[in-house]
Amino acid sequence: LPIIFERYEKNNKKSWGTVALLGKNTDGSIFKHTNFIGGSGGTYNQFKFTSMFSIHDTKNIKVINSNFRENEAYDDTIHIVYSKNILFEDVKVDKVYSDAIDVDISSNITFKNIEIKNSKNDGLDFMESNAVVENSKIYRSKDKGISIGEGSMVSVKNSHLEDNNIGIAVKDGSSSIIEKSNLLNNNIQVAAY
């Protein structure tokens, strides 16, 4: 059975905050068969977490066969920052308040077999990071399916982006390699500027 993070009372509309991996003592953490429903963000000491699942200043993290949905109030469902060697595999993200997954100033980030649906902003948003997106599907993002910005390098392979405002945007000195991927029915398929 999955591990579930959700509201204490199902009828209570108040979000519950964040699960955060913070610092070197979390290196090597693994989440499998875990569901996150209805979180938001929060603060801890001097840190402000802008997502219901935060990976902050750590490495060698795996998130496998997990689901994230219905976050509230804060910018991201998942936020990765100052981290390296992070793997998300067989992960679903749905009904997103703003960005589904935000990756900032991080390296060797891998997304395999992820599915993102119904983001009110971006599906995947990269800043000053390098990453691989493989065998993934992104649907109905109100802004960009994948936003690659601020000097990032992202490889997109065997992926499907459909019904987003912009399929993939590459900007601000960033670069991308897109291979064997489908971009369908996006208002703009690819924007590079």
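The values are calculated or read from the model by the stated rules, or taken from the named source; none is laboratory data. Small disclaimer: the values here were computed from a predicted structure and weren't measured. Cβ sites come from the backbone with ideal geometry, for glycine too, and all protein chains shown count toward neighbours. Accessible surface is based on the protein model in full, side chains and every heavy atom, while ligands, DNA and RNA are left aside. Shrake-Rupley method; radii C 1.70, N 1.55, O 1.52, S 1.80 Å.
Regarding the range 18-27, can at least one residue be identified that is β-branched (Val, Ile, Thr), under 21 Å from residue 112 (Cα atoms) and not in a loop (DSSP other than H, G, I, E, B)? No. For residue 4, the criteria (1) under 22 Å from residue 103 (Cα atoms); (2) not in a loop (DSSP other than H, G, I, E, B) hold in every case but one, which is (1). Within the range 145-171, the set of residues being within 16 Å of residue 93 (Cα to Cα), open to solvent by less than 10 Å² (accessible area, probe 1.4 Å) and assigned to a strand (DSSP E or B) comprises 145, 146, 161.
If you go through the range 18-47 and pick out every residue that is exposed (fewer than 14 other Cβ atoms within 10 Å of the Cβ) and of a type in the set (A, V, I, L, M, F, W, C), you end up with 1.
Out of all the residues in the range 118-140, is one or more surrounded by fewer than 17 Cβ atoms within 10 Å (Cβ to Cβ), hydroxyl-bearing (Ser, Thr, Tyr) and not in a loop (DSSP other than H, G, I, E, B)? No, there is no match, as no residue in the range 118-140 is surrounded by fewer than 17 Cβ atoms within 10 Å (Cβ to Cβ), hydroxyl-bearing (Ser, Thr, Tyr) and not in a loop (DSSP other than H, G, I, E, B).
Taking the range 59-80 as the range and being assigned to a loop (DSSP other than H, G, I, E, B) and touching an Asp or Glu at 6+ places or on another chain (Cβ under 9 Å) as the test, the residues that pass are 70, 75. Within the range 176-192, if we keep just the residues that are free of Cβ contacts under 8 Å to residues at least 24 places away in the same chain and exposed (fewer than 14 other Cβ atoms within 10 Å of the Cβ), the residue that is farthest from residue 144 (Cα to Cα) turns out to be 180. Scanning the range 81-111 for residues that are modelled with pLDDT of 95 or more, in a strand (DSSP E or B) and of a type in the set (A, V, I, L, M, F, W, C) returns 81, 86, 87, 88, 91, 93, 100, 101, 103, 109, 111. For the range 57-69, a residue qualifies if it is surrounded by fewer than 18 Cβ atoms within 10 Å (Cβ to Cβ) and under 15 Å from the mean Cα position of the chain (by Cα), and the qualifying residues are 62, 64, 65, 67.
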